[in-house]
Every structure is written in C-alpha cells, then in structure tokens.
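First up is the structure itself, then whatever we jot down about it.
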Amino acid sequence: MIVGIRKLPSILGAAPLQSHRRLPTKLRMGQHNSEHNASNSNHQSRVDKFSKVIRDDHTGGWETCWEQGLTPWDLGQPTPVISHLCAMGDLPNGRALVPGCGSGYDVVQMASSERYVIGLDISNNAIQKARELSSSSPKIRYFSFLKEDFFSWRPKELFDLIFDYTFFSAIEPAMRVAWGQQMQMLLKPNGELITLMFPIDNHIGGPPYKVSVSEYEDVLLPLGFKAVLIKDNEHAIPPRKGREMIGRWKRSLAHASL
C-alpha cells in the first residue's frame, strides 16, 4: 500500500528509497507466484484424480471424466500449433482425422472447404460437447464427430492427414504398437501423421504416460513411417514448454492398408 511506504525507513534502516519504491512490486510478484503455485497445485490435483479414474475403470473411465469435468488436457481452444499451421497453409488438404478429439476445437480449426475433418472419441459425452460447441460454426459442412473406438474403427475411406495430441500418451504403453498399426492402416500411402509428443519427462505412472521421441520411433519406423520433421514445439502453451515436441511423419508407399 503506497501510504505505508513512508513508515518503512524506520523499519528498514538506511535502505535506499529506490528499494522502498520497489517493495510493492515485490509484494505483487510474491502474490502472483502464490497464485501461480496454487493454480499449478489445483491443476495437478485434477490430473491425479483423472488418472485414478482411468486406472480404476479402463472402459468407462473416460465417460466418467467427462461427466465430472475431469478434463485437464482440454485447453478450451484449438492447439496453438494447429492454429499456426492452418494460418501458414502448412497442412495437407483432403481428409483429416483427429482421434481422441475431445471437445473438438482442433477439428473445427483444421476444417475448410479443402479439408474435411473427422473427430473421433470413445466418450459419448465428449462427442455431444463437441457437437454443441461447434453447432454454429460457419465451417459445419466440413467436419463431423463420431463416437467410435479408434482401435476397432474401420472407415470406408482413408485419410491424408491424422493429428495426434495427448492420445498416444493417454493410452497404456502396451497399446502403442496397436496405435501405430491403426495409424498405418488409416493413412493413405504418403499420408501424413502429425504427433505432438507430450509429456516428455520422467514421471511415473499415468495417464498421461511419459513419452519420448525414441518411443514414437520404436513404434512408427518399423511400420514404414519416415520422420520428416522432429523439433521442439515453440507454440506449446507455457506449462508445457520444454516438455513437448512436434513430429511430422510420412507413411511409406510400400506398406499395405485397407
């Protein structure tokens, strides 16, 4: 409080007046740090609750999370790097797929007259929310949402592009080979898979389960995928910076599909 500054010299001794003037800023910074720490603690608590629900119920857990609002992965907006790639015209046109689409922000962002996008999720609540949020979108002709199990889904047409973010890390590590096989089967020859690899760290347990570039390579390279680009995601949201990389992979022409 500004009035209090004039009383501080008797307490702080011969400290320069400049330091006294900085004190309110320091107090504000301390308050900001406390609020930031409290926010991080609350977020981690939500992650822990979400992880427990999924571990306790592998089949119905995702539905429960959406019912209870335990969706700490939901940014409430399109993934920033997707917005950037769309703005730059740096995404393949044709048919695109977003497995584990959740609220569907990325689906709507990617959709255009040149790109039809399907959002897939195993949770009926997620699909209903995605449809509600996007019901007034001017792009509504260029996307759709389907409740399907990614691993058993057999569409009639293949895709030019698949975008995976927090889907690879959400499934149990033992399912990652099946994830890669399904990606290979759903993509057209020379189609592109974009992976946002997160969280790249050493935490134990999940979901989300820790990931690394080598774990993606171990799954995708034997299936004929080629890494076109792997780098740090400079568009990651602040809490994920340094723990997230983007990978762009091309499917081999030589491997069979549907």
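No value in this document is a laboratory result; all are computed from the given coordinates. In this text, all values refer to a predicted model and were calculated from it rather than measured experimentally. Here the Cβ positions follow ideal geometry from the backbone for every residue, glycine too, while neighbour counts run over all protein chains shown.
Some notes on this structure:
- For the stretch 83-90, 3J(HN,Hα) per residue [Karplus equation, 6.51 cos²θ - 1.76 cosθ + 1.60, θ = phi - 60°, Hz, x = Gly/Pro]: 4, 5, 5, 5, 5, 7, x, 10
- Restricting the trypsin sites (Lys or Arg not before Pro) of the stretch 84-187 to loop positions (DSSP other than H, G, I, E, B) with no more than 13 neighbouring Cβ atoms within 10 Å leaves Lys156.
- Set Lys129/Lys226; Lys139/Lys188; Lys49/Lys241; Lys156/Lys250; Lys129/Lys250; Lys52/Lys231 screened for pairs whose C-alpha atoms are more than 26 Å apart: Lys129/Lys226; Lys129/Lys250; Lys52/Lys231
- Residue by residue, the stretch 225-230 carries 3J(HN,Hα) couplings of 7, 10, 6, 8, 8, 9 Hz when phi is fed to the Karplus relation 6.51 cos²θ - 1.76 cosθ + 1.60 (θ = phi - 60°); x denotes Gly or Pro.
- ³J(HN,Hα), Karplus 6.51/-1.76/1.60, whole Hz, each residue of the stretch 154-170, x for Gly, Pro: 10, x, 7, 10, 8, 10, 8, 8, 10, 10, 10, 9, 6, 9, 4, 7, 7
- Sites listed here are GluC sites (Glu not before Pro) in the stretch 152-239 whose DSSP assignment is loop and whose Cβ has at most 15 other Cβ atoms within 10 Å: Glu157, Glu234.
- Local electrostatic count, Tyr165, Cβ distance below 10 Å [Lys/Arg +1, Asp/Glu -1]: -3
- Ordering of 226-232, 185-191 by packing is 185-191, 226-232, highest average first (other Cβ atoms within 10 Å, averaged per residue).
- Placed amide H near Ile171: partners under 5 Å, 5+ positions off or other chain: none
- Once backbone amide H atoms are built at 1.01 Å from N, Gly191 has Arg251 as its partners under 5 Å, excluding neighbours fewer than 5 places away on the same chain.
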